[in-house]
Amino acid sequence: DGGITQSPKYLFRKEGQNVTLSCEQNLNHDAMYWYRQDPGQGLRLIYYSQIVNDFQKGDIAEGYSVSREKKESFPLTVTSAQKNPTAFYLCASSILLAGVDEQFFGPGTRLTVL
Amino acid sequence: AQKITQTQPGMFVQEKEAVTLDCTYDTSDPSYGLFWYKQPSSGEMIFLIYQGSYDQQNATEGRYSLNFQKARKSANLVISASQLGDSAMYFCAMRGWNTGNQFYFGTGTSLTVIP
């Protein structure tokens, strides 16, 4: 079945540690995205990538980094520079430049920094 | 700049009744698409319905319909015959042809269906 996988579902880290969230898709989509969602809030864009080896900052990129070495994979690293990293992180993908096509989302990762 | 506004933080509806969730948008892009997503408490985002800016008719998908009023820049979601399983957060989103692949989301509306 085609889709997006994120792992792990729950992640706990100590303050000051970097942590990497995994996102893999087998939909053959060119564009991939990372969003952050805080309790009771909407989605805020962290980074997005339209093609391998290229990515753009979203609205809240500070304290995060990404890579896009393969079309299928778009990992997100939450660095120690991120002041308040505890949140729900959603990865998504879509077809490139096709307005009618929706974003497909992964199941999300809940990150808790202790 | 693109902006999506959902002014209803929370809504209640009686089971089997219809409910309308409001969404207004602002864009300078002449061509765009509007989307609605459902997010249950599990956190997954479920795509519900799509409306293109040049579509002449309002989109429908089963119990979901989109009341699209282009001149007013509104794209309200109508859920008919509400079910208990409809209780969730609902997000309106937009994607413009000229703004590439970036999607813009509203802050969401929490819908509670009362038995």
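Read-outs throughout are calculated quantities, based only on the coordinates presented, and are distinct from any laboratory measurement. Just so you know, these numbers come straight off a predicted model, no measurement behind them. We place every Cβ from the backbone using ideal geometry, glycine too, and count neighbours over all the protein chains shown.
At-a-glance table
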item	result
For B:P30, net neighbour charge (Lys/Arg +1, Asp/Glu -1) across residues whose Cβ lies under 15 Å away	0
Alpha carbon centroid spacing (whole Å) that separates the range B:45-115 from the range A:42-114	23
Phi to ³J(HN,Hα) by Karplus 6.51 cos²θ - 1.76 cosθ + 1.60 over the range B:42-47, Hz, x for Gly, Pro	5, x, 5, 9, 10, 6
Filtered trypsin sites (Lys or Arg not before Pro), the range A:1-35: DSSP coil and at most 13 other beta carbons within 10 Å	A:K9, A:K14
Loop chymotrypsin sites (Phe, Trp or Tyr not before Pro), the range B:29-108 (other Cβ atoms within 10 Å of the site Cβ: 16 or fewer; DSSP)	B:Y54, B:W97
Residue with peak Gaussian network fluctuation, chain A [Cα springs, cutoff 10 Å], from A:G40, A:G63, A:G16	A:G40
Those GluC sites (Glu not before Pro) in the range A:52-114 that DSSP places in a loop and that have at most 11 other beta carbons within 10 Å	A:E62, A:E69
Under 20 Å from the Cα of B:K73 - lysines, other chains or at least 8 residues apart	B:K3
FRET efficiency, A:N26 to B:T20 (Cβ-Cβ, R0 45 Å, nearest 0.05)	0.75
